[in-house]
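Heads up: the structure comes next, in structure tokens.
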Amino acid sequence: MTAAQKPAASLPIGVFDSGVGGLTVLRALKNALPHEDFLYLGDTARLPYGTKSGATVARYALQTTKVLVDQGVKLLVVACNTASAVALPGLAAAYPDLPVVGVIEPGARACAKKAPHGRIAVIATGSTVRGTAYQTAILRLRPEATIATRPAQVFVALAEEGWTEGPEVEAVAARYLTPLMAEFPGGRPDCLVLGCTHFPVLAQAIRKALPEGVCLVDSAETTAECVAQELGARGLLKPGGGPECQPGTVRFFATDDPERFAKVGEIFLGQPLNLADITLVDL
């Protein structure tokens, strides 16, 4: 039976990112939906998306999505903040029957609920901060919110090197977060949004740099919750997903250097990656 002939609910969920950061989203998806199958594409030949123009990122998103759609997917997760900020309208136009979930809206909804005083801090890459996607999404839900943002690009490099804890990482976190906290009354927002898929692996060091009581909002976890709700609402949950059901499968695609994808990806996925499970694709 081909992908086109399979019942829609039996198809895998497609996930794409500019590289390995989106594996934190995949990790959360696997935890929330352990019986679902996934296809993950990391566009490692063209990362980072954060330094590209919006038009270029939108074009890349269409190309990566086509690979996943051609394989057969029932829902697409855009596990990249930059692509979520600029590419969703184009994807909706190109694939009107494909449900698409980005990482920004779920994160915005979560922090809007978890900020009793509407005081919200956001750290992200420079491109995401400049694009104001989080600010726009949050203010749509909480018009009275006070929002402060800060680009934290060094976090990306630290995460990809596997430097996720220790005094050096904590020093960088303090350098970013201390002035950001000072922008709020009493030096404390209600919550801090991790607005980049690389950042959850640094959560322990980030927490140490925050005042007590500041809630961390992980866009990976909130996106996984949104995907589960979307699948349920559309009747697309994989059949037979009870406790006795076999765990779902994951197939990986990379556009460059599968060996590095496997090595670095282990940090973000939290488990070893088998090189034999990674297919090199050419866009």
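The values are calculated or read from the model by the stated rules, or taken from the named source; none is laboratory data. Values in this document were obtained by computation on a predicted structure and should not be read as measured data. Cβ sites come from the backbone with ideal geometry, for glycine too, and all protein chains shown count toward neighbours.
Computed values, structure above
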| read-out | value |
| --- | --- |
| Single match in F252, F184 (criterion: buried (at least 16 other Cβ atoms within 10 Å of the Cβ) and either of a type in the set (V, I, T) or closer than 22 Å to L39 by Cα (or both)) | F252 |
| Residue list for segment 1-23, filter: more than 17 Å from E230 (Cβ to Cβ) and either assigned to a loop (DSSP other than H, G, I, E, B) or at pLDDT below 95 (or both) | M1, T2, A3, A4, Q5, K6, P7, S18, G19, V20, G21, G22 |
| Any hit, segment 202-211, residues being surrounded by fewer than 20 Cβ atoms within 10 Å (Cβ to Cβ), within 25 Å of G166 (Cβ to Cβ) and touching a Leu at 6+ places or on another chain (Cβ under 9 Å) | yes |
| Looking only at segment 50-80, and only at residues there that are buried (at least 24 other Cβ atoms within 10 Å of the Cβ) and in a strand (DSSP E or B), the one that is farthest from the chain's Cα centre (by Cα) | L76 |
| Matching entry among E266, E259 (being surrounded by 14 or more Cβ atoms within 10 Å (Cβ to Cβ) and of a type in the set (D, E, K, R)) | E266 |
| Exclusive hit being of a type in the set (A, V, I, L, M) and either in contact (Cβ under 8 Å) with a residue 12 or more places away in the chain or closer than 21 Å to K114 by Cα (or both), set A233, A254 | A254 |
| Some residue of segment 127-134 being assigned by TED's automatic domain parsing to the domain that holds C226, aromatic (F, W, Y) and either at pLDDT 95 or above or buried (at least 17 other Cβ atoms within 10 Å of the Cβ) (or both) | no |
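Residues are listed down the side, and each one gets a yes or a no for (1) part of a helix (DSSP H, G or I); (2) of a type in the set (S, T, Y); (3) surrounded by 15 or more Cβ atoms within 10 Å (Cβ to Cβ):
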position	(1), (2), (3)
V122	no, no, yes
T136	yes, yes, no
A159	yes, no, yes
A171	yes, no, no
